[in-house]
Amino acid sequence: MKKNLITVVILALVVVNLVLTAVLTISIVPETKKANELITKVCSAIDLDLQAGDTAGSLAVNVEDLFDYAVNSGETMTINLKNSGDGKDHYGILGISLSLDTTNEDYSKFGDGAGDLSAYDNVISDTIKSVVASHTVDEMRNNEEGVKEEILEALQTLFKSSVIVRVNFSTATYN
């Protein structure tokens, strides 16, 4: 009689376990599907952002297809930098050139197809000054590539084109 009672208790526990497992499965599976969809959306957004974030695009352009345009005929620009909190005024002296993609469909649209952007020098210089002036001297020294990337994004937005693929500092002195 004790063996039958234990068998019935075990059978009841197995049935209860089975029912609870079914309830958990039914309640968890839809949430898991929703989480998987969210993860997929986030991954696809990150993937798209990585592709769109490659503003430079210079990795995809052959060196022989680049035209180097010296901003302001190669003259240096003296730009006041953001106050770093040390009580001193800082400035940067930059010689800047832009690498243009000669294979880009917009190349012929700007500068009569010869890569001459001198008609836009004032606007380009102002855009560069705005970006550089928003950084401290330490940011310029420690993150020069990041600043170049910001300038590139601002210029690509200004021209509404990716014909400019790289910003180069031929000289860079910070004080």
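Throughout, read-outs are computed from the coordinates displayed, never taken from laboratory work. The shown structure was predicted, so the numbers you read here are calculated from the model rather than taken from an experiment. Virtual Cβ from ideal backbone geometry, glycine too; neighbours counted across all protein chains shown.
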Legend entry - Charge dipole magnitude, Cβ of K and R +1, D and E -1 - the chain, Cα centre, debye nearest 20: 1680 debye
Inset, instruction - Please go through the residue pairs Lys88/Lys148; Lys109/Lys129; Lys82/Lys148 and name each one whose alpha carbons sit more than 22 Å apart in this structure. - result: Lys88/Lys148; Lys109/Lys129
Inset, instruction - Under a cut-off of 27 Å between alpha-carbon atoms, report the lysines in cross-link reach of Lys33, not counting same-chain residues fewer than 8 places apart. - result: Lys41
Inset, instruction - Report the Stokes-Einstein translational diffusion coefficient (µm² s⁻¹, integer) for the chain, Rh taken as the Kirkwood radius over Cα pairs, at 25 °C with viscosity 0.890 mPa s. - result: 119 µm²/s
Legend entry - Over the chain, relative contact order from alpha-carbon pairs under 8 Å, at least 6 apart, %: 25 percent
Legend entry - Filtered GluC sites (Glu not before Pro), the range 79-175: DSSP coil and at most 14 other beta carbons within 10 Å: Glu105
Inset, instruction - Classify the range 1-52 as rounded, prolate or oblate, taking a ≥ b ≥ c as the square roots of the eigenvalues of its Cα gyration tensor: rounded when a/c is under 1.5, otherwise prolate if a/b is larger than b/c and oblate if not. - result: prolate
